[in-house]
Structures are given as structure tokens and as C-alpha cells.
1. Leaving out ligands and nucleic acids, note down the accessible area per residue over the range 77-210 with a 1.4 angstrom probe, in whole Å².
2. Any idea what the relative contact order of the chain is, in percent, if you count C-alpha pairs under 8 Å spaced at least 6 apart?
3. How long are the three semi-axes of the equivalent ellipsoid of the range 171-283, in whole Å, if each is the root of 5 times an eigenvalue of the C-alpha gyration tensor, listed from largest down?
4. With Cβ to Cβ distances under 14 Å as the rule, what net charge do the other residues near Gln280 carry (K, R +1; D, E -1)?
5. Counting pairs of Cα atoms in the range 27-178, how many percent are more than 23 Å apart?
6. Assign one of three labels to the range 33-72, namely rounded, prolate or oblate, based on the Cα gyration tensor with a ≥ b ≥ c the square roots of its eigenvalues; rounded applies when a/c is under 1.5, prolate when it is not and a/b is larger than b/c, and oblate otherwise.
7. Compute, for Met124, the solvent-accessible surface of its heavy atoms (probe 1.4 Å) with the complete set of protein chains present, and express it in square angstrom to the nearest 10.
8. May I ask which of Lys114/Lys152; Lys19/Lys151; Lys201/Lys275; Lys81/Lys151 have a Cα-Cα span longer than 27 Å here?
Amino acid sequence: KKATPYSNAFALYLRSNIKWEKEDGAGAITDLTQAIELNALPNNNHFAAMYTLAQFQLQEEKYADSIKTIDDYMTQSGDKKAEAIAIKGNAYYRTEKFQDAVNTMKQAIAASDKPQDSWNQILMASYFELNQYDEAGRIVEGQLAKNPNDKKLIQQLASVYINGEKPEKALALLTDAKSKGLITTADDYKLLAQLYGQAEKPKEGAALLEEGFAKGVVPQTYEMYKLLGDSYALGEDETKAIAAYGKASPLAKDGEADFLRGQLMINAQHWADAKAALTQALQ
């Protein structure tokens, strides 16, 4: 009862940090909010508490609260630092207000000599959600120029190109990544093979998948054998397409692979085998 408002506010401020360290986010936010509401801390501590509260609220997915707190902080403190603006941009992105996120994060980046990579990622993702793929692509291209072997950036840029209907750019990007030894997973092989098919280079796609099977990177699944069959069929290698579809057949949940296999056997005038494959497709 004898404690002054300052003492209570400062105790709450300290306890909020302890609770945060103990992963009690809700408790930390409650204590920090009360410390600010007492309005008894010196300006430096009061504004630091507001800034920290906005960060806590962002981490705890209280996005609307975080936006309000950081707005209050910037208004009252007069501090327009890039980090504070970025908190607001991040919160806008999390609430799917993508145009607001773009506008705000651009301000944060412009206000900093060394903008954080995460800010560019949020800006890129916001452009992506707005279907502004050229803008998104420019951001990732700039990041990739600084880190040309960053596989995550390569995958992001490929996705941007594909969604922006620029498969030829995605193919060139991933072909270059392959030459650097960065195509290492089943998904990598699948995407690159699909892009070869779209670029009317199915033979390269089939060779890539065969390499993946041989290395044990590409799993022996229906999806992969079906893609291999499609690649060979597009490349007019009907014998190998039939063999690939044949491997897909026992793994299939529908009759498509057997139907395609049957059609190719008809082309090859293998009537009995075609009949068996089409019967299997119907079953």
C-alpha cells in the first residue's frame, strides 16, 4: 500500500520481462499494459515499455493491438525509426492487409541504411499475395544477386516466375541451380521436370527424373512414375512411356495411367496388351 505509482509501474515493467522469458506471453502483456496505464515511468522507460509491448503483441498474434500500440508509441515519442515502422508492416501482413503491408514496409526499408532481410521477405510476400509478381520478383532478384547460392531464395523466385506466367525464367533459374548442385530433393526434381515439359523439352525432363531415380532422391511413387511417363510420351518415346506408366499402374488410385498406357499400345498395335491395360483402367 505504501508503494508509489512509479514503484508499481517499474515492478510491473520488470515482471513483464521475467514472464516473457518464462514464455508467459499473456501475463507479460498484461503486466506491461498496466505499467503503461499507470503513466508513472520516466519518458525513456515509458516509451521503451510501449515499444516492447508492441513487439510482445506481435509475437502473441495480437496484431490489431500491436498496430495501435506502435502507432501510439510513434505519436507520443516522436520516434519514426525503421524498426518501429516494420513492426506495423509485419502486423498488417499477418492480418492479410497486404497493400497496407506494402506501403508500410516500403517506408521501413526507406528509413533504414541496413533493412533486415525479413522486411524484404514480408514486402515480397505481400506483393505476391496481391498478384504483383513483377514487383515481388524484383525484390527476390535483388536478394539473390547478393546470395546467388541461397536455395530458399531460388525456390521463392522460381515460384514468383511460375505464378507470373514466366516459366521460361523459372526453367533458366532452376537449370542454373542444377549446375551448382542445388537441385537435391524430390520436389526440386519434380518442379524442374515439369518446367522442362512446359518448355517443350520433355526429353530433358525424363533424363532428369531417371537421374533422380538412380540416385534414390526421387521416390518410386505413382506421381513420379506418372510424370516420367508423361515426359517420355511428350518426347515421343512410346516404349519408355509405356514402361513408366506400367510402374505407375500398381500404385494408382484411378485408371489414368493404365488408360494412357493402353492408348500408346494401340498406337503401337499391341492389341492384346492394349486390351489388358484398358480393362485395368476401367476396373
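1. Heavy-atom accessible area per residue stands at 51 Å².
2. That works out to 7 percent.
3. 28, 14, 10
4. Combined, the nearby Lys, Arg, Asp and Glu give 0.
5. So the pairs more than 23 Å apart make up 45 percent of the total in the range 27-178.
6. prolate
7. Spelled out: Met124, probe radius 1.4 Å, area about 10 Å².
8. Pairs exceeding the cut-off: Lys19/Lys151; Lys201/Lys275; Lys81/Lys151.
The values are calculated or read from the model by the stated rules, or taken from the named source; none is laboratory data. These figures come from a predicted structure and were not determined experimentally. For neighbour counting, all protein chains shown are included, and Cβ atoms are generated from backbone atoms with ideal geometry for every residue, glycine included. Only protein heavy atoms, including side chains, enter the accessible area calculation; ligands, DNA and RNA are left aside. Shrake-Rupley method; radii C 1.70, N 1.55, O 1.52, S 1.80 Å.
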